[in-house]
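The values are calculated or read from the model by the stated rules, or taken from the named source; none is laboratory data. Everything numeric here is computed off the predicted structure, so don't read it as measured data. So basically every Cβ, Gly included, is an ideal-geometry build from the backbone, and we count neighbours across all protein chains shown. Ligands, DNA and RNA are stripped out before the accessible areas are found, and what is left, the full protein with its side chains, is counted by its heavy atoms. Shrake-Rupley method; radii C 1.70, N 1.55, O 1.52, S 1.80 Å.
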Amino acid sequence: PCLYWSCPELCSFSIFLSLALLPVQSMAVFFMESVLSTRLTSSPQALDKHYSNLFTCMFHLFQALTGGIDWNEMVVPMMEHVTPLLGLVYALYVMFSLLAVMNVITGIFVSTAMKAAKDDQDKIGIAFLEELFDKMDERKTGKVGWDDFQKHLNTMHMQELFKSIDLDPSEADCVFKLLDLDGSGELQFSEFLNGCLRLRGPAKALDVLLLLRETTQQFQRQTELVQKSKRVQEQQEQRFAELLQGLVPSTAPTSKRKSRASKAARAE
């Protein structure tokens, strides 16, 4: 099973056999049952030629679909010796097989070929990036700094890299900062490889989800910060109000004492 699923060509071939042979076998059984009574009574030679046994009928039906024989040779004897309705059934079978089954089979093979071509292109791209990183890493430290990156901007490999990611070499500083995810000022091979592969194509669903997750987390941090600042502001306002309430009683007796002293001075 592991070998089966790991080989896309084998999967496509098995699907092709299933889609191609299943309708052929079903229609062969149907047509043989339809002409059986006629063959038992009169046994026309035209019917015996195409409907003598299951294998012969399936083989001729497959030939009629792939251009081996003209399917008119198979349908006319049934229409003449059995019933004209079988001609309509045969026409529907041909139409279904050509327009549906064959298109599905073609789509499967095209999809498999495109996937294999993409895998080969990815392997070539990874080998190209390995070679470019090895050339930039002249000290063989496994890391590439901005000076090393800038030094190779005019090389052919670097020009091809910027062309593949659809950017101008004048934006090399921005590209280096985008590749340097940890902000260390140096690129490791994993950072360089993953960053270049992401920059080459359109944004994937995973990239969009990661960006959405980071944006959501940043929004939550800002919301928590705003709420925290509001709580601090409310606490400060409450303390200020308590301080004012503490100052009001202490000033009231003093004003009363002053009014009493003024009254006593007037009485004297």
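Over segment 61-214, average the accessible area per residue using a 1.4 Å probe and give it in Å², no decimals.
Here the per-residue accessible area is 63 Å².
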- Message: For 36, 88, 199, give me the order by solvent-accessible area with a 1.4 Å probe, most accessible first, ignoring ligands, DNA and RNA.
- Response: 88, 36, 199
- Item | Label-point separation, residue 88 to residue 112 (7 Å along Cα→Cβ), nm | 3.8
- Using a cut-off of 12 Å between alpha-carbon atoms, which aspartates and glutamates can reach residue 143, once sequence neighbours fewer than 8 places away in the same chain are excluded? 134, 180, 186, 191
- Query: What GluC sites (Glu not before Pro) in segment 71-178 are in a loop by DSSP, with at most 16 other Cβ atoms within 10 Å of the Cβ?
  - Reply: 138
- Task: Starting from 0 in steps of 5 Å, tell me what percent of the Cα-Cα pairs of segment 130-198 lands in each bin.
- Result: 3, 18, 32, 31, 14, 2
- Hey, got a sec? Which trypsin sites (Lys or Arg not before Pro) in segment 102-193 land in a DSSP loop and have at most 15 other Cβ atoms within 10 Å? 139, 140
- Message: Suppose the chain between residue 22 and residue 76 were pulled fully straight at 0.36 nm per residue; how much longer would it get relative to their current alpha carbon spacing?
- Response: 17.1 nm
- Note on the structure: Checked segment 94-241 with the C-alpha gyration tensor, a ≥ b ≥ c its square-rooted eigenvalues, rounded below a/c of 1.5, otherwise prolate if a/b is larger than b/c and oblate if not; verdict oblate
- Would you mind calculating the gained length between residue 167 and residue 241 on full extension (0.36 nm times residue separation, minus the Cα-Cα distance), in nm to one decimal? 20.6 nm
- With all protein chains modelled, accessible area of residue 70 [1.4 Å, Å²]: 80
- Too-long pairs where the Cα-Cα distance tops 31 Å, listed order kept, from 115/163; 115/140; 115/151; 177/228; 177/230: 115/140; 115/151; 177/228; 177/230
- Query: Order of 27-35, 52-60 by packing, highest average Cβ count within 10 Å first?
  - Reply: 27-35, 52-60
- Interchain or long-range residues, amide H under 5 Å from residue 187's placed H: 144, 145
